[in-house]
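Worksheet for the structure shown next.
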Amino acid sequence: MSEIQTLIVDDSSVMRKIVERALRQAGLDSMHVYEAGNGAEGLEILRSSTVDLILSDINMPAMDGLEFLRQIKDQKLAQGVPVVMITTESSEEHVKQAIAAGARGYIRKPFTPEQVKERVLPLVKVA
Amino acid sequence: MPLSLRESLSEIADPRNLDLTVEEICQMMLGIHCRRGERPLEEEAERVTAVVGFGGLLSGACVFRSGGGAACALASHMTGMELTEVDDTVKDGIGEICNMLAGSWKGKVPELAAHCGLSVPAVITGRDYNLHVQAPEFRLEHVYEFEGNTFEVTILCDGLQ
């Protein structure tokens, strides 16, 4: 598998590292990670770089994850790239909103590396 | 008829939900075993407090409190780094732990999960401060122990519709 270009968007730098570690434990050893602290920073990265996978929190200052998803679609950025939301918000309503905005998957915090593997790897293989 | 959570008060205020939440996060995100403690929170000069607010049909907060040593130990388990001072990484980690505690706790009751939002975490550090909330609707306050350290998690509900 060639190097996977991955964008992780979370206002917590600790959580970005934990997500990266979980992805590597899930088998994505060959991976380059871009980090963003909110949706606006994530959009900046997508304007200048090509990525294969996006993982994003929902609750963030400046631009939250749902608005980030809407802007990706409106600005025609990262077309066809799978976006997985990783968040503490797990109600059915939040999941519906995320899917409607374009998310391909959803992982609730706290999570195990196995859950990341199950929900993310199939998306990367078909991307 | 407007939606109300008041009929679910006994389920929402069930103390077992808080214990299950704490155990789940300690095991899944920190890889540690913690148990409900009987001794009070250790007195330490340096305190770390994280607060995540609840808004919607339930208003209140999830509050995490510990001494600096326990905060460093938790953040070290979370990051895989050796952290010995309450720096930005420790504060960030404790804020995230509080965020997950709040989210998982409200997720234990479906009506609450759907109709109660979370604020971003605020983390306070320092010495000689008290946290005071006037007459909450209910309050759960449990101390937990791990590896010789203690921390306290409080759920405060000051309004329930």
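Tabulated data
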| quantity | calculated |
| --- | --- |
| Entirely in the stretch A:19-127, the helices (runs of 4 or more DSSP H) that have 1 or more residues that are open to solvent by 10 Å² or more (accessible area, probe 1.4 Å) and in contact with a His (Cβ under 9 Å, 6 or more places away or on another chain) | A:65-74, A:92-100 |
| Residues of the stretch B:1-39 classified as away from chain A (no Cβ under 13 Å) and of a type in the set (A, V, I, L, M), total | 6 |
| Filtered residues of the stretch A:48-84 (kept if among the hydrophobic types (A, V, I, L, M, F, W, C) and away from chain B (no Cβ under 14 Å)) | A:VAL51, A:LEU53, A:ILE54, A:LEU55, A:PHE68, A:LEU69, A:ILE72, A:LEU77, A:ALA78, A:VAL81, A:VAL83, A:VAL84 |
| Pair list, Cβ < 7 Å and 6+ apart or interchain, from the stretch B:111-122 residues that are more than 8 Å from every other protein chain (Cβ to nearest Cβ) and in a strand (DSSP E or B) to residues that are of a type in the set (D, E, K, R) and surrounded by 15 or more Cβ atoms within 10 Å (Cβ to Cβ) | B:CYS116/B:LYS106 |
| Residues within the stretch B:82-108 that are free of Cβ contacts under 8 Å to residues at least 12 places away in the same chain and either more than 9 Å from chain A (Cβ to nearest Cβ) or part of a loop (DSSP other than H, G, I, E, B) (or both), tallied | 3 |
| Helices (runs of 4 or more DSSP H) wholly inside the stretch B:1-81 containing at least 1 residues that are more than 22 Å from B:THR125 (Cα to Cα), free of Cβ contacts under 8 Å to residues at least 12 places away in the same chain and open to solvent by 60 Å² or more (accessible area, probe 1.4 Å) | B:9-12, B:15-25 |
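The values are calculated or read from the model by the stated rules, or taken from the named source; none is laboratory data. From a predicted model like this one, the values you see are computed outputs, not experimental measurements. Heads up, the Cβs are rebuilt from the backbone with ideal geometry, glycines too, and the neighbour counts pull from every protein chain shown. Accessible surface areas use protein heavy atoms only, side chains included; no ligands, DNA or RNA. Shrake-Rupley method; radii C 1.70, N 1.55, O 1.52, S 1.80 Å.
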